[in-house]
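K.L.:
My questions will all concern the structure given below.
The values are calculated or read from the model by the stated rules, or taken from the named source; none is laboratory data. Just so we're clear, the structure is a prediction, and the values are computed from it rather than from any experiment. We place every Cβ from the backbone using ideal geometry, glycine too, and count neighbours over all the protein chains shown.
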Amino acid sequence: VTALPTLAAALEWASKHWDGRNPPYTLNVHDTEGELGGLAYSKAFIGYLSATPNQTTEETVTAPCQHWARKLPALCPVCGVRDRDGKVIAETNVYSKTVLRYRWPMWRAITKLQNALRPRNEPHPYALILVLARYGWQPRSAARELGLPWDYAEASFLRAIRQLHGRYEEAPVDTRRSTSHAAAWTELSVSQQNAIIGGETAA
Ligand SMILES: [Zn+2]
């Protein structure tokens, strides 16, 4: 089962992920448009000058705790709040973790696609994607631009987007699971603290 069964689904996926984190080659067109001599680069563009496709960024996310590390009758050490001696005194049921993500997953994917082998007698998938993007993911306009018969273009576009999709990753595989830590008691809001105290009283 493929994630992108039809060209419509493929186009939707591509346009949705071709977003604010999109590759620099679109920004150096739009961001400097209308400026003479490129003197006034935008802040965004200056940021992109130092960007690389494989750049990662750390994100802190919170997740509901499944208490997989809990050894009854002790409380869960992952989402647990500790007292001054390090003893777990209450469970918060949520924990925060740091995850590594690609900063520019689409740029990375398209860079990898650039290195894909070109099928014989066909336009390179990288070129097809760029033309589709330029034509706002309107495949018939893109096909006309390329001078391709529609049936042929339809199949080629779908194949190209699938190839792009196959190279698209939100995060490095080996670091998706990373270290976690529970919030210290003092990092919790007063309402969270009260909820925990209330839960203890009720229990
Ligand atoms: Zn837990």
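K.L.:
Does any residue of the stretch 137-146 turn out to be of a type in the set (Phe, Trp, Tyr) and away from the ligand (no atom under 16 Å from the Cβ)?
P.N.:
Among the residues of the stretch 137-146, at least one is of a type in the set (Phe, Trp, Tyr) and away from the ligand (no atom under 16 Å from the Cβ), which makes the answer yes.
K.L.:
Go through the stretch 119-138 and count every residue that is over 27 Å from the mean Cα position of the chain (by Cα) and among the hydroxyl-bearing types (Ser, Thr, Tyr). Reasoning before the result, please.
P.N.:
Step one: list which residues in the stretch 119-138 are over 27 Å from the mean Cα position of the chain (by Cα), which gives 119-123.
Going one step further and asking which of them are among the hydroxyl-bearing types (Ser, Thr, Tyr), we end up with none.
Residues that pass the stated criteria total 0.
K.L.:
Let me ask something else about it. Can you tell me which of Ser191, Ser178, Ser141 is more than 25 Å from the chain's Cα centre (by Cα) and either part of a loop (DSSP other than H, G, I, E, B) or at pLDDT below 95 (or both)?
P.N.:
Working: Ser178 fails: more than 25 Å from the chain's Cα centre (by Cα); Ser141 fails: either part of a loop (DSSP other than H, G, I, E, B) or at pLDDT below 95 (or both).
Exactly one residue qualifies, and that residue is Ser191.
K.L.:
Let me ask another. Counting only residues that are more than 14 Å from Ile129 (Cα to Cα) and without any contact (Cβ under 8 Å) to a residue 60 or more places away in the chain, how many does the stretch 100-116 have?
P.N.:
Within the stretch 100-116, residues that are more than 14 Å from Ile129 (Cα to Cα) and without any contact (Cβ under 8 Å) to a residue 60 or more places away in the chain number 0.
K.L.:
Specify which of the listed residues (Val94, Val88) is farther than 19 Å from Pro172 by Cα, touching a Gly at 6+ places or on another chain (Cβ under 6 Å) and modelled with pLDDT of 90 or more.
P.N.:
When all the criteria are applied, what remains is Val88.
K.L.:
May I pose another question? What's the total number of residues in the stretch 86-101 that are more than 10 Å from the ligand (Cβ to nearest atom), over 30 Å from the mean Cα position of the chain (by Cα) and not β-branched (Val, Ile, Thr)?
P.N.:
We begin by selecting, within the stretch 86-101, every residue more than 10 Å from the ligand (Cβ to nearest atom); these are 86-87, 89-90, 96-101.
Okay, now just the ones that are also over 30 Å from the mean Cα position of the chain (by Cα), so 86-87, 89-90.
With the extra rule that they be not β-branched (Val, Ile, Thr), the set shrinks to 86-87, 90.
Looking only at that region, the number is 3.
K.L.:
Can you find a residue in the stretch 105-122 that is part of a loop (DSSP other than H, G, I, E, B) and modelled with pLDDT of 90 or more?
P.N.:
Of all residues in the stretch 105-122, those part of a loop (DSSP other than H, G, I, E, B) come to 115-122.
With the extra rule that they be modelled with pLDDT of 90 or more, the set shrinks to none.
No, the stretch 105-122 has no match at all.
K.L.:
Also: Determine which member of the set Ala133, Ala63, Ala127 is of a type in the set (Gly, Ala, Ser) and assigned to a strand (DSSP E or B). So that I can check it myself, show each step before the final result.
P.N.:
Numbers: Ala133 fails: assigned to a strand (DSSP E or B); Ala127 fails: assigned to a strand (DSSP E or B).
Going through Ala133, Ala63, Ala127 in turn, the sole match is Ala63.
K.L.:
When the stretch 79-111 is examined, which residues are found to be farther than 30 Å from Ala14 by Cβ, surrounded by 20 or more Cβ atoms within 10 Å (Cβ to Cβ) and of a type outside the set (Phe, Trp, Tyr)?
P.N.:
Within the stretch 79-111, Cys79, Gly80, Val81, Ala90, Glu91, Thr92 meet the criteria.
K.L.:
A further question follows. When you scan the stretch 66-85, how many residues do you find that are away from the ligand (no atom under 15 Å from the Cβ) and within 28 Å of the chain's Cα centre (by Cα)?
P.N.:
Step one: filter the stretch 66-85 for residues away from the ligand (no atom under 15 Å from the Cβ), giving 83-85.
Applying the additional criterion that residues be within 28 Å of the chain's Cα centre (by Cα) yields none.
So the count comes out to 0.
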